[in-house]
Amino acid sequence: VNAISAGPIKTLAAAGISGFSNILQVYRDRAPLRRNVELGEVADAALFLLGPASRAITGEIVMVDAGYHAIGI
């Protein structure tokens, strides 16, 4: 089993979260790539994990978060 840990993504469901715009701004300011994650990037990671290129990968959590996980907060 593998998993994807995505950064915050602007969706209809996220619009119901109080202060979500602030969360997006903080992410954009602090992430090493200086941007937010796009839905297509998460989909690309999922396709990779479902495809034959990842056949020897198991038990991993793939971070799709523009590098935010690496800053140590």
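Which ones in region 1-16 are hydrophobic (A, V, I, L, M, F, W, C), surrounded by 12 or more Cβ atoms within 10 Å (Cβ to Cβ) and free of Cβ contacts under 8 Å to residues at least 60 places away in the same chain?
Step one: list which residues in region 1-16 are hydrophobic (A, V, I, L, M, F, W, C), which gives 1, 3-4, 6, 9, 12-15.
Restricting the remaining residues to those that are surrounded by 12 or more Cβ atoms within 10 Å (Cβ to Cβ) gives 4, 6, 9, 14.
Hits for region 1-16 are ALA6, ILE9, ALA14.
Limited to region 17-26, what total is found for residues that are outside any helix (DSSP H, G or I) and either open to solvent by 80 Å² or more (accessible area, probe 1.4 Å) or in contact with a helix residue (DSSP H, G or I) (Cβ under 7 Å, 6 or more places away or on another chain) (or both)? Steps first, answer last, please.
Step one: list which residues in region 17-26 are outside any helix (DSSP H, G or I), which gives 17-19.
Going one step further and asking which of them are either open to solvent by 80 Å² or more (accessible area, probe 1.4 Å) or in contact with a helix residue (DSSP H, G or I) (Cβ under 7 Å, 6 or more places away or on another chain) (or both), we end up with 17-18.
The total comes to 2.
All but one of (1) out of contact with any Leu (no Cβ under 9 Å at 6 or more places or on another chain); (2) touching a residue at least 12 places away in the same chain (Cβ under 8 Å); (3) more than 14 Å from VAL1 (Cα to Cα); (4) not acidic (Asp, Glu) hold for GLY19; state the number of the condition that does not hold.
All conditions pass for GLY19, except number (2).
Of all residues in region 27-73 being open to solvent by 40 Å² or more (accessible area, probe 1.4 Å) and among the aromatic types (Phe, Trp, Tyr), which is farthest from the chain's Cα centre (by Cα)?
Selected residue: PHE48.
The values are calculated or read from the model by the stated rules, or taken from the named source; none is laboratory data. These numbers come from a predicted model, not from an experiment. All Cβ positions, even for glycine, are placed from backbone atoms using ideal geometry, and neighbour counts span all protein chains on display. Accessible surface is based on the protein model in full, side chains and every heavy atom, while ligands, DNA and RNA are left aside. Shrake-Rupley method; radii C 1.70, N 1.55, O 1.52, S 1.80 Å.
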